[in-house]
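One structure follows; several queries about it will come next.
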Amino acid sequence: MSALSPYATGALVTVLVASMARAFFGPPARQPRRGAARALLGGTALCYLAGAALVVLGGATLAGAILVVCGIEASCVGAWLVRGGRDDGEDGGGGSDGGEPPPWDWDAFDRARAAWRGRPHAGV
């Protein structure tokens, strides 16, 4: 039997699903914060371990479940931070507006490929 009422359980599930949808499908953060995301994933692991320990060793089902929910929320924020917009210089040489990359220069590719023709192939 759950310590929460069916309405509270439904509200909690709704909040979790909404935050997961926002983290993975909503607009990303303005810029990625990989260090903060790693810290949040570490916090997620700690929340999971502490929650499991509370449930298994202490029999505190509600407190353990709340810690696991906090871990889920931390991982959602971490995923959102990782999805952040690209930093300058990290977008693979895209245009100055941050949009689509410039069109491929096929003539330069053909010139480079022609220069490779006489070279021996390296073994794999």
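Rounded to the nearest whole Å², what accessible area per residue is found for segment 17-56 with the 1.4 Å probe? Don't skip to the answer; put the middle values down first.
On the way: 2740 Å² over 40 residues.
On a per-residue basis, segment 17-56 sits at 68 Å².
What's the extension gain from VAL15 to LEU62 if we count 0.36 nm per residue and subtract their Cα-Cα distance? Could you put the intermediate results ahead of the total?
Values: separation 47, 0.36 × 47 = 16.92 nm, distance 1.70 nm.
Contour length minus the Cα-Cα distance gives 15.2 nm.
The values are calculated or read from the model by the stated rules, or taken from the named source; none is laboratory data. If you're wondering where the values come from, they're calculated on a predicted model, not measured in any experiment. The area values use the complete protein model at the heavy-atom level, side chains included, leaving out ligands, DNA and RNA. Shrake-Rupley method; radii C 1.70, N 1.55, O 1.52, S 1.80 Å.
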